[in-house]
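First up is the structure itself, then whatever we jot down about it.
Rule-based calculations on the coordinates, nothing more; no lab input. All of these numbers come straight from a predicted model, not from anything done at the bench. Using ideal geometry, Cβ is built from the backbone for each residue, glycine included, and neighbour counts are taken over all protein chains shown.
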């Protein structure tokens, strides 16, 4: 048996697509059985547990030791789980979970550890101060360095992330696989046909959080350029309302709309648009990223507007004509409606390159090493 360990990750669309769906897929590949072990906040624990077990019925969902500052104390809890289940290996999401697993390997409670690296953790905490705690932020570089160099296997979300490991932490090995953020099973199975257009409106959509790393300061001038140059352009924010998107909505009445939809409604809203926006500043966090939204845009038949240096994805957009790559200070070319044939091509590309089945060989390599 293998365990997939997460620490302090709360239920969300990303958790379903990148954790519970991954565990479910691993269990279809004929290798050792994989069980999710989720250490979650004690706040609203029973509700969180119900949500996770609805997606992964065999999961063990346990309340973590209170406060992030005491995170190392959770090692005793994971040790108890390992004594009961006797896993041959652990796949660990992030440096905290990996540190715990490495301690258990030292104590003979498991044989192998895989670090599932979903981004540049230390850089993200340093650049965006995910938690405003200097002492906790200072722990991340040594934690990530050990996770990268001491694990038996690694999953990287992009080739750019592997390059970051080599440059910052001196990683020289090849015991890793690259698996980008892939479509969740619910999104993968949904095919929403766009309604036939009766006008020449061009619809742009920005879907997701407007947190710091989403770079609204870059997004605003790009959108205003399009709105000013093309009177038939409309912009939809599938985001929670905030000062930034509200100000743009007020500046372009009737042409900018802000909505916050249930996850089940997002695919239909995306299918009514032509271009998905994914423009982010050139930080280490963004330069190694693989945003889930990229695959979701493509699977809805949208062309993606991005900028240079977004993980491996900017090059992918340019190489396969999946949208437009914006150079700093350069205007976008005139945008057009996306034809039905082009939508079909983009969705087919997403299904070939951004499903979990597309990475079966990489997943099997992980299972073989850990099992």
Taking the stretch 290-371, the equivalent ellipsoid from its C-alpha gyration tensor has semi-axes in Å, biggest first, of 29, 17, 8
A chain fully extended from residue 44 to residue 315 at 0.36 nm per residue, minus the present Cα-Cα distance, gains in nm 93.3 nm
For residue 174 and residue 84, extending 7 Å from Cα along the Cα-Cβ vector and measuring point to point gives, in nm, a value of 4.1 nm
With a Förster distance of 56 angstrom and the Cβ-Cβ distance between residue 341 and residue 130, calculated FRET efficiency to the nearest 0.05 equals 0.85
Taking every C-alpha to C-alpha distance in the stretch 1-145 and binning by 5 Å from 0, the per-bin percentages run 2, 10, 19, 22, 22, 16, 7, 2, 0
Distance in Å, no decimals, from the C-alpha centre of the stretch 22-101 to the one of the stretch 315-371 is 31 Å
If one compares the long axis through the Cα atoms of helix 74-85 with the longest principal axis of the Cα atoms of the chain, the angle in degrees, nearest 10, works out at 70 degrees
From fewest to most C-beta neighbours within 10 Å, the residues 215, 56, 300, 246 line up as 246, 215, 56, 300
Cα gyration tensor of the chain diagonalised, 5x eigenvalues square-rooted, in angstrom largest first, produces semi-axes 37, 21, 20
The equivalent-ellipsoid semi-axes of the stretch 223-314, taken as the square roots of five times the Cα gyration tensor eigenvalues and listed largest first in whole Å, are 22, 17, 14
Two pseudo-spin positions, 7 Å from Cα along C-beta at residue 58 and at residue 70, lie apart in nanometres by 3.2 nm
Counting all Cα-Cα pairs in the stretch 128-189, those more than 14 Å apart amount in percent to 65 percent
Checked the stretch 101-164 against the a/c 1.5 cut and the a/b vs b/c comparison, axes a ≥ b ≥ c from its Cα gyration tensor; verdict oblate
Simple spin-label estimate for residue 242/residue 368, 7 Å along Cα→Cβ, in nm, reads 4.4 nm
Per the rule of 0.36 nm per residue minus the C-alpha distance, extending residue 28 to residue 225 adds in nm 66.2 nm
